[in-house]
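Any read-out appearing in this document is the output of simple, stated calculations on the displayed coordinates, not a laboratory observation. Please read these numbers as outputs of a predicted model, since none were measured by experiment. Please note: Cβ atoms are built from the backbone with ideal geometry, for glycine as well, and neighbour counts cover all protein chains shown.
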Amino acid sequence: MVDNPVQELSTDEAWELLGKGAVGRLAVTVGGHPDIFPVNYYAGEGRILFRTAEGTKLSELVVNENVAFEVDSYDGDAGWSVVVKGTARILSRNDEIAAADETPLSPWIPTIKYNYVEIAAGNITGRRFQFGPEPERYPV
């Protein structure tokens, strides 16, 4: 039995794990209706970047810039999860786009994605989990 199966991560540990991930989930809410999108991303310099084509995701970000972004990973014994809450904005200045083009971010599917979106983290939390059997619920 594991003494502490859930451990809080420091901010630095959470950013380090974000930097190792490849796919995250972007959560948005428009008009009281939640939506979630898987995106490949780049995390560094205190921000998260992803690229997207015109469509629902981009439209919803224009309506409500407040987002949540989640990345996780697991194997047979352990896992982790990092959640970022912040604001998203579409990069529009040429210098910002040029700098984003220098990151290792590229689309995974063969589609043109002209729009870079940056998520500025307002709050970041993370947890590491140690898997194991459920403890006895009704001790004798």
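A few notes on this one:
- Each residue of the stretch 26-36 was assigned a 3J(HN,Hα) from its phi angle through the Karplus curve 6.51 cos²θ - 1.76 cosθ + 1.60 (θ = phi - 60°); the sequence is 9, 10, 10, 9, 10, x, x, 10, x, 9, 9 Hz, with glycine and proline shown as x.
- Cα-projected label distance for Glu54 with Thr11, points at 7 Å along beta-carbon direction, nm: 3.9 nm
- Under the simplified labelling scheme, the Glu70-Arg89 pair shows an inter-label distance of 2.7 nm, with each label point 7 Å from Cα along Cα→Cβ.
- Partners for Lys20 among lysines (Cα-Cα distance below 20 Å; same-chain residues under 8 apart left out): Lys85
- One way to sum up the overall shape of the chain is the equivalent ellipsoid from its Cα gyration tensor, whose semi-axes run 33, 17, 14 Å, largest first.
- Among 8-21, 40-53, sorting by the average number of other beta carbon atoms lying within 10 angstrom of each residue, highest first, gives 40-53, 8-21.
- In order along the stretch 117-134, the phi-based Karplus estimate (6.51 cos²θ - 1.76 cosθ + 1.60, θ = phi - 60°) of 3J(HN,Hα) comes to 10, 10, 9, 8, 6, x, 8, 9, 10, x, 9, 10, 10, 9, 7, x, x, 5 Hz; Gly and Pro are listed as x.
- Relative to the dominant Cα principal axis of the chain, helix 11-20 is inclined by about 70°.
- Under 12 Å from the Cα of Lys57 - aspartates and glutamates, other chains or at least 8 residues apart: Asp35, Glu65
- Helices in the chain, meaning DSSP H runs of at least 4 residues, each add -39500 (n - 2.57). Divided by all residues, the mean residue ellipticity at 222 nm is -5000 deg cm²/dmol.
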